[in-house]
Amino acid sequence: VGYRVEGVFLSPPWNNTGYYSEETWKERRFSVKTDIAVGGLDGQELVDLALAVAPRAVVFLPKNCLEEEVRLLSSGSSGQEGEREVEFYEHELNGKVKTAAVYVSKAIIESAE
């Protein structure tokens with residue numbers, strides 16, 4: 001019996017590059033390109049890998065991530081705009097933003113037959 005992966009949830013560590021070691025970490029903005037490093041892959045490459053096995057991926061991020069940079073995930077490593085759909089959400093608790101998530105999907109998802 002074959003299984004089809006519908007989506008991948010990524011929650012990469014946020015401290016690989018000393019994200020919290022700086023004294024001014026509260027003012028610092030989190031970068032998907034430089035602050036995520038898992039097995040030699042940056043955030044863009046992790047999303048590329050996830051979308052190689054599933055049509056959808058979710059990336060769980062800290063609240064101070066660079067939204068403009070996150071939206072660049074829509075082009076993928078190939079650099080082609082519109083290759084993917086990207087939605088950015090902030091999660092609030094008691095009126096304060098606590099975390100963020102990026103939902104990335106292939107622009108055209110083939111339906112199951």
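Contact list please: Cβ distance under 7 Å, first residue in segment 38-50 and part of a helix (DSSP H, G or I), second residue charged (D, E, K, R), pairs at least six apart or on different chains.
Gly43/Lys33; Gln44/Lys33
Are any of the residues in segment 69-83 closer than 16 Å to Glu6 by Cα, open to solvent by less than 40 Å² (accessible area, probe 1.4 Å) and either out of contact with any Cys (no Cβ under 8 Å at 6 or more places or on another chain) or at pLDDT below 90 (or both)?
No, that holds for no residue.
What pairs come up if the first residue lies in segment 93-113 and is in a loop (DSSP other than H, G, I, E, B), the second is at pLDDT 90 or above and not aliphatic (A, V, I, L, M), and their beta carbons are under 8 Å apart, counting only those six or more places apart or on different chains?
From segment 93-113, the pairs are Ile109/Pro55; Ile109/Arg56; Glu110/Pro55.
Please specify each residue of segment 1-41 satisfying the condition of being under 17 Å from Leu72 (Cβ atoms) and at pLDDT below 85.
Within segment 1-41, Pro12, Arg29, Phe30, Ser31, Val32, Lys33, Thr34, Asp35, Ile36 meet the criteria.
The values are calculated or read from the model by the stated rules, or taken from the named source; none is laboratory data. What you see is a predicted model; the values in this text were computed from it and never measured. Note: ideal-geometry Cβ built from the backbone for every residue, glycine included; neighbour counts use all protein chains shown. Accessible surface areas use protein heavy atoms only, side chains included; no ligands, DNA or RNA. Shrake-Rupley method; radii C 1.70, N 1.55, O 1.52, S 1.80 Å.
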